[in-house]
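Have a look at the structure below before the remarks.
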Amino acid sequence: MNAGAGHNALRDSFAALLGHADTHRSIDPMVWTSADRFVDSFYAFCVRYMPRFQGTIVELSGWPLALEAAVRLSHQLQREATSLLRSEPFDLLVTTHPLQAIIFGRARRVLGLATPIVCAVPDYGVPPPVYYPLRANFRPDGLIVMEETTVDHYRSLGVPEDRLHFSGFLTREPFVQAGDWLRNEPLSIVRGRLRTEVASGHPGFLRFRMERPTLLFLGGSAWTSKTAPVLRAVLADPDLRALANIVVVAGRDAVFEARLRALEEENLHVFGFVAPAVLAALMGLADVPILGSLAPATLQELLEVGLEQGIV
């Protein structure tokens, strides 16, 4: 669903594996995305203007009354879930957003179905309680988790071993390809290729100076603005500005993007929401990533490209 790019990136990771691996030819995966925009708009508003309130919501997310309120406000998600489950029989539903798992569970009960629902947890460490709520009828039938600490956390909550699966993340092809180039080909050739990739859709990037070190500011679809204190310090230092390329990927934060474009000059490169091939190329050209959030999908992509050291 539309609630941060990492949820869909993890969904696409599963779909890519199931759709291409020879061992899974008996499985016919269907990839589906909700048309709901309410949750994403509410999330983006909180991130930009009320981040502490967003934190409070996360902390309360496992409580039954909070979940009941969230479900009652999600009218389109409820309609979609009911329609989808009526349309054809499914052997398994896997969702990467907890609210979607809860709503599918409710639609399943209303329709009298027994289709198992598994919720994949994109977060590392101890995730928000909403993935495994206090009330049993809000819980999914199983969990897929990405990190050992998360496995230990759910074991401590009493999740049975046969309901808990430790998995991984299959990054998208552009990041795999960029990492392969950087590991196996001369750096100067690869960097020229990556600059051309970006400049094909963003001609102004041809002024990117490859001999300079590059700072890359990231934050998923909504969190890059949280790097603003570091970015302001960099932009206020004339020596650093003269030394380094400064690249900012603002995601879907159009206000933050417009504010930076007003400052744009030779070594400051500002992007909005970009295609995976462009983001992979920017990561391949960077020396230091500066992250506004610990987005699991972004971290996996940085690891794939080989950009393992950064500032959070």
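Read-outs throughout are calculated quantities, based only on the coordinates presented, and are distinct from any laboratory measurement. Everything quoted here is computed from the prediction, not taken from an experiment. Quick reminder, even Gly has a Cβ in these numbers, built from the backbone with ideal geometry, and neighbours come from all protein chains shown.
Before moving on, here are some points about what is shown:
- Cα-based shape type of the chain, given that a ≥ b ≥ c are square roots of the gyration tensor eigenvalues and the cut on a/c is 1.5: prolate
- With K and R counted +1 and D and E -1, the other residues having a Cβ less than 15 Å from that of Leu243 yield a net charge of -3.
- Couplings for segment 129-142, taken from phi via the Karplus curve 6.51 cos²θ - 1.76 cosθ + 1.60 with θ = phi - 60°, read x, 5, 5, 9, x, 5, 7, 4, 6, 8, 7, x, 6, x Hz in order; Gly and Pro are left as x.
- Quarter of the Cα convex hull surface for segment 5-166, i.e. its orientation-mean projected area (nm²): 9.9 nm²
- Ranked list, fewest to most other Cβ atoms within 10 Å of each Cβ, for Tyr132, Tyr154, Tyr43: Tyr43, Tyr154, Tyr132
- Segment 173-305: relative contact order in percent, alpha carbon pairs under 8 Å with at least 6 residues between: 37 percent
- Long-range HN-HN contacts of Phe273 with modeled amide H, under 5 Å: Gly251
- Relative contact order (%) - the chain, alpha-carbon pairs under 8 angstrom, separation at least six: 16 percent
- Mean residue ellipticity (222 nm) of the chain, computed from DSSP H runs ≥ 4 via -39,500 (n - 2.57), nearest 500: -14500 deg cm²/dmol
- The listed peptides 98-104, 193-199, ordered by packing as a protection proxy, come out as 98-104, 193-199 (highest mean of other Cβ atoms within 10 Å first).
- Residue-by-residue Karplus 3J(HN,Hα) for segment 103-112, coefficients 6.51, -1.76, 1.60, Hz, glycine and proline x: 5, 4, x, 5, 4, 4, 5, 4, 8, x
- For segment 97-143, trypsin sites (Lys or Arg not before Pro) meeting the loop criterion (DSSP other than H, G, I, E, B) and having at most 15 other Cβ atoms within 10 Å: Arg135.
- Extents of segment 173-305, largest first, come to 37, 31, 23 Å (Cα atoms, principal axes, whole angstrom).
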